[in-house]
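This report concerns only the one structure given below.
Values quoted throughout were computed directly from the atomic coordinates according to the rules given, and no laboratory measurement underlies them. Note that the structure is a prediction, hence the values are computed from the model and not measured. Here Cβ is always computed from backbone atoms with ideal geometry, including for glycine, and neighbour counts include all displayed protein chains.
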Amino acid sequence: MLRQEVIANAHYLSEEGRGIRTAEFMMGHKVDVILTRESLAAKGPG
């Protein structure tokens, strides 16, 4: 591991589009790994 950084999700309180906005935010920071407290299975519009 070269570097570890924790960044708060600035979009978690958004009413709409928070998933897309968060994904764009992470892409902008070139995130390689995401750790979550809860499973993301069966989440989202799909």
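Remarks
- Within segment 1-22, backbone nitrogen closer than 17 Å to the virtual label 7 Å beyond the Cα of Lys30 toward Cβ: 1-7
- The trypsin sites (Lys or Arg not before Pro) of the chain that DSSP puts in a loop, and whose beta carbon has at most 14 other beta carbons within 10 Å, are Arg3, Lys30, Arg37, Lys43.
- Per residue, the convex hull spanned by the Cα atoms of the chain measures out at 105 cubic angstrom.
- Annotation: extensible slack from Leu2 through Glu38 equals 10.4 nm (criterion: 0.36 nm per residue apart, minus Cα-Cα distance).
- Cα-based helix-to-principal-axis angle, 18-28 vs the chain, degrees rounded to 10: 20 degrees
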